[in-house]
Amino acid sequence: MRKIEERRGSGTVLLLALATVTAAACTEKLPSGLDDGQVPGSPVTVTLELAWPQFGSNLQVYGGYGRPNQMGSTVVARSFGGVEARALVSFASFPTSAQVRDASNNLVTDTALTFIDAYLVARFDTLASTNTDTVTLALSQTLESWDEATATWTNAQSDLSVVRPWSAPGGGAVLPMRTRTWVRAQGDSVQFFFDSAQIARWRGAPDSVRSGRIDLLSAGHRLSVGFAAVRLVATSARDTDTTLVFTLATTRATYIYDPPASAPSDGFRVGGAPAWRTVLDIALPATLNGPPELCAAAGCPFLLEPRNVTYAGLGLRTRTPPTAFLPTDSVTVDVRSVLSRPALPKSPLGGSVVGPTGSTIPPALFGAGAGTRVDIPITAFVQDFLRGPDESGRPPSNTLAILSTPEPSQFSFAEFFGPGGPNAPVLKLILTASPALELP
Amino acid sequence: MRVSILVAAASLWAAAAPLQAQSLFNAAGIGFPMEAVDGRARALGSSGLGLPGTSLLPVDPAASARLLIPGGLMVVQPSWVDLTRDGDSGHRYFRGSRFPVFAAAYPVRGGMATVHLTSVLDQAYTGERIVNVNLGSSTTQATDRFEQAGAVSSLGIGYSRMVASTMAVGISAGRYAGSVSRTLTREFGDSALANQVLPYRAGGSWSYSGYQVTVGVSSDVTAFLRLAASATYSTELDADPSAQTAGSRRSFDMPLQLRLGASSQLAPGLTLAASASRADWSGTEGDLLSGEAGAATSVGLGLELAQAQLFGRTTPLRAGFRRRTLPFALEGGGANEQTFSGGLGIPLNVTSEIVLASLDLGLEKGNRTSGSFREDFWRGTVSLRVTGF
């Protein structure tokens with residue numbers, strides 16, 4: 001018997017080289033032609049616009065979603081389009097002590113602070129404010145308690161269990177504190193300085209007292225107050241070389257206005273605070289008999305399937321809302337399916353069909369640009385509608401709600417023309433279809 | 001030496017893991033016919049029949065009868081392809097690997113039972129088309145992308161035995177398997193509706209089925225001449241669509257395949273191998289929605305120098321030439337492939353003059369042409385064969 005001698009070294013090196021070569025060829029790169037000769041079939045993409053009677057019905061506008069205090073900002077207005085608005089704000093309590101260094105440079109707690117100055121600073125959202133020049137504002141101390149969530153122009157509290165009107169509409173009795181002029185060209189904020197008596201009143205007072213009302217005295221304007229706080233300046237007997245500055249954050253903030261907007265007799269309304277929503281029913285034809293290029297490519301009658309809808313957009317034309325509520329900032333619109341139409345206006349809503357960022361509409365389109373067509377994508381909603389009942393047999397919603405996002409986001413609201421007339425809504429569909437793919 | 005076998009097996013396995021495409025001719029007809037042959041046959045320009053020694057190739061079902069002991073075969077085939085077209089200055093380069101055959105044999109009742117998994121038709125390719133689409137208020141570019149992925153393969157069993165001291169016969173039966181998916185996607189480019197128009201997607205998938213039987217005979221006519229022949233009969237290849245597929249069920253006629261091979265020892269250690277095959281696919285043309293189908297013929301010739309020494313061991317050296325016509329063409333006028341090949345065999349483990357493990361390498365330089373299309377390619381074939389496990 002003879003056994004051929006094994007030489008591991010050379011064989012292993014060769015095999016490793018082979019492995020490298022084969023591994024290099026493993027990187028997939030599928031063959032493709034130099035032109036489109038190997039692409040079978042040719043999809044066709046067509047654009048359709050359905051008029052309101054062909055797709056829409058039961059248009060309704062609902063109001064009252066959310067509360068002004070959820071906006072994160074407040075509004076003051078004076079005779080702006082016939083609307084008055086005042087801001088109500090409360091602040092945290094005064095500090096009772098502070099850590100200071102004494103003459104020996106030791107850190108000690110001083111509980112006998114002396115407040116030598118205080119002022120309320122209000123910063124405005126210049127984009128959302130209508131003034132272009134100087135306006136005058138007044139700060140007063142409220143003398144009647146108010147409920148942040150339910151306060152209105154006429155009631156200090158108006159929830160289901162308690163309705164407590166102001167002694168006078170618009171915030172009841174107040175103690176005037178200071179008036180100030182905001183010169184827009186010089187900055188975006190104003191300071192209302194407190195006198196010593198006011199400081200004494202607020203120091204140690206309950207939360208209900210440490211509350212102010214901001215009024216706009218200049219008629220014909222509407223301002224958005226984005227931030228308010230009280231700044232305190234204090235000294236310590238333990239450290240006479242140091243001045244202490246404290247900031248009292250806002251603990252409650254809302255605004256009250258009058259008169260409230262009335263529901264529109266027609267058209268779409270979206271936004272505001274409390275917010276408006278527009279609800280409508282959608283219907284789509286199950287089959288299409290045109291346009292000719294669609295029939296030529298996929299045959300007619302053409303059974304409309306979800307995958308054919310590559311885009312669906314609700315085409316709305318902007319309309320100018322009442323002057324008091326004319327948007328001065330972009331309005332972001334969201335569309336969601338209404339999960340239980342009978343439960344409206346409190347029906348739960350489905351997820352956004354527009355996307356996480358919504359559809360943003362510039363404010364100019366509601367003023368000088370009124371009548372401009374804006375398309376709000378609702379592709380996901382239409383696809384779900386065409387998909388039919390889900391696995392549990394539940395039919396898809398055919399009702400959608402158009403709302404602002406976040407809700408509420410601003411005092412003003414957007415309006416669009418409704419059915420009837422040349423500016424009626426349309427449903428724009430971009431459909432793509434192809435013949436069934438067959439084997440060669 | 002066990003390390004070498006493990007490395008070889010690992011590299012083959014890693015390379016074979018994805019089933020990948022190797023030619024744009026995959027787009028022609030019902031695909032590109034793949035040949036279940038090993039590195040030795042490739043290097044010799046052979047169809048795999050009538051070669052000296054033993055074989056586990058399913059195209060030569062009688063050859064395994066001479067194996068006597070259990071054996072296994074794995075083959076991987078990487079290739080690098082450059083596609084050009086007359087009148088078009090551009091070119092496409094693609095690469096990929098496939099595994100044409102896995103086979104195993106085991107002695108049963110005086111003969112040899114075999115099982116094999118082979119590739120039959122490669123169908124993977126992509127295509128792209130740019131079109132202008134009117135979106136109502138604007139026109140934008142859209143990209144139509146077509147992708148076909150899949151292949152027809154065959155899983156079979158066979159049996160062979162010596163019926164005389166110099167003659168063996170064999171038979172194998174297999175079932176077609178595999179699937180193909182075809183997807184057409186339209187993606188829309190930037191426009192006023194950017195990011196709002198969703199892609200359109202259509203497609204379907206089909207599963208293949210059908211049967212084939214191969215019979216073969218191999219005879220050592222003289223001490224210096226071996227002859228072998230085989231024939232494969234197939235039922236129709238059926239393609240059944242999945243439930244979600246809008247496309248229809250299809251059946252494709254599969255031709256009778258005839259093969260002939262011979263090898264002759266010209267001098268001690270020097271062997272001449274020749275082979276030819278024919279399959280008339282013209283009957284399939286009637287099953288195609290478009291395109292042509294014709295006869296696929298193949299002739300090959302090669303020389304093997306069995307006593308060459310490399311790295312101090314006996315390493316057979318091989319060279320060959322092969323020309324064949326393809327059944328499906330990208331354009332009218334047929335399609336041809338021709339290759340010049342070379343290769344070597346590396347015995348990894350030899351005991352008592354029995355090769356327990358060997359590696360066969362084949363490297364082909366060739367081209368495929370059809371009308372204005374031309375593919376120049378390098379194709380490697382690496383096969384690992386083990387016996388006696």
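Kindly sort A:Leu139, A:Leu217 by accessible area of their heavy atoms, largest first, with the probe set to 1.4 Å.
Correct descending sequence by accessible area is A:Leu217, A:Leu139.
Dividing the Cα radius of gyration by the Kirkwood radius, what Rg/Rh value follows for the protein assembly as shown?
1.23
In whole Hz and in residue order, list the ³J(HN,Hα) couplings for region A:139-145 that follow from phi through the Karplus curve 6.51 cos²θ - 1.76 cosθ + 1.60, θ = phi - 60°; x for Gly and Pro.
Taking θ as phi minus 60°, the curve returns 10, 10, 8, 6, 10, 10, 5 Hz for region A:139-145.
Assign unit charges at the C-beta atoms only (+1 for Lys and Arg, -1 for Asp and Glu), then state the dipole size of the protein assembly as shown relative to its Cα centre in Debye, rounded to the nearest 20. The partial results should precede the final answer.
Values: 65 positive and 65 negative charges, 314 e Å.
My answer is approximately 1500 debye.
B:Leu256 label point, 7 Å along Cα→Cβ, cut-off 18 Å on backbone N: hits in region B:200-230?
Flagged as within label range: B:211-217, B:229-230.
Could you provide, to the nearest whole Å², the per residue accessible area of chain B with probe 1.4 Å?
Heavy-atom accessible area per residue stands at 39 Å².
Give, in nm to one decimal, the length gained when the segment between A:Ala229 and A:Glu391 is fully stretched (0.36 nm per residue of separation minus the Cα-Cα distance). Let's see the in-between values first.
Values: separation 162, 0.36 × 162 = 58.32 nm, distance 5.38 nm.
That works out to 52.9 nm of additional length.
In region B:222-251, which residues have a backbone nitrogen under 19 Å from the label point lying 7 Å from B:Gln307's Cα in the Cα-to-Cβ direction?
B:223-225
Where nothing but the Cβ of Lys and Arg (+1) and of Asp and Glu (-1) is charged, how large is the charge dipole of region A:83-258 around its Cα centre, in debye to the nearest 20?
Value, rounded to 20: 120 debye.
Within region A:51-110, what whole-number % of the accessible surface is contributed by carbon and sulfur, with the 1.4 Å probe and all protein chains included in the calculation?
Of all accessible area on region A:51-110, carbon and sulfur atoms account for 42 percent.
Choose one of A:Gly33, B:Thr139, A:Leu120: the residue whose Cα lies farthest towards the positive end of the charge dipole of the protein assembly as shown (beta-carbon charges +1 Lys, Arg; -1 Asp, Glu; about the Cα centre).
Checked the options; the winner is A:Gly33.
How would A:Tyr62, B:Tyr211 line up by accessible area, probe 1.4 Å, largest first?
Correct descending sequence by accessible area is B:Tyr211, A:Tyr62.
Helix-derived [θ] at 222 nm for chain A: sum -39500 (n - 2.57) over DSSP H runs of at least 4, divide by residue count, nearest 500?
Counting only the DSSP helices, I get -3000 deg cm²/dmol.
Could you work out how far the C-alpha centroid of region A:227-261 sits from that of region A:419-438, in angstrom?
Result: 56 Å between the Cα centres.
Where Rh is the Kirkwood radius over the Cα pairs of chain B, the temperature 10 °C and the viscosity 1.306 mPa s, what D in µm²/s does Stokes-Einstein return?
For the chosen part, D equals 72 µm²/s.
Tell me the total accessible area that B and A bury against each other, 1.4 angstrom probe, in square angstrom rounded to 100.
Roughly 6000 Å² of accessible surface disappears when B and A pair.
Measure out, as a whole number of angstrom, how far apart the alpha-carbon centroids of region A:314-362 and region B:341-389 sit.
68 Å
Can you give the net charge of the other residues whose Cβ lies under 14 Å from the Cβ of B:Val180, counting K and R as +1 and D and E as -1?
Cβ neighbours under 14 Å give a net charge of -2.
Ignoring ligands, DNA and RNA, what percent of the 1.4 Å accessible area of chain B is carbon and sulfur?
Numbers: 9000 of 15260 Å².
Carbon and sulfur: 59 percent of the exposed surface of chain B.
Extending each Cα 7 Å along its Cβ direction at B:Tyr106 and A:Ala112, get the distance between those two points in nm, one decimal.
10.2 nm
Nearest 20 debye, what's the magnitude of the dipole of region B:193-290 about its Cα centre given +1 on Lys and Arg Cβ and -1 on Asp and Glu Cβ?
240 debye
Report the Cα centroid-to-centroid distance between region B:98-156 and region B:257-306 in angstrom, as an integer.
Using only Cα atoms to place each centre, the spacing works out to 23 Å.
Along the positive direction of the dipole of chain A (beta-carbon charges: Lys, Arg +1; Asp, Glu -1; about the Cα centre), which of A:Leu314, A:Val270, A:Pro292 reaches farthest?
Among A:Leu314, A:Val270, A:Pro292, the one farthest towards the positive end of the dipole of chain A is A:Val270.
So how far apart, in nm, are the two label points at A:Ala103 and B:Tyr211 if each is 7 Å from Cα heading toward Cβ?
Here the modelled spin labels are 11.4 nm apart.
For B:Met34, what accessible surface area do you get with a 1.4 Å probe? Give it in Å², rounded to 10.
Only protein atoms counted, so the area is about 20 Å².
The values are calculated or read from the model by the stated rules, or taken from the named source; none is laboratory data. Predicted model only: the values in this text are computed from it and were never measured. Here Cβ is always computed from backbone atoms with ideal geometry, including for glycine, and neighbour counts include all displayed protein chains. Just the protein is used for accessible areas: all its heavy atoms, side chains included, with ligands, DNA and RNA removed. Shrake-Rupley method; radii C 1.70, N 1.55, O 1.52, S 1.80 Å.
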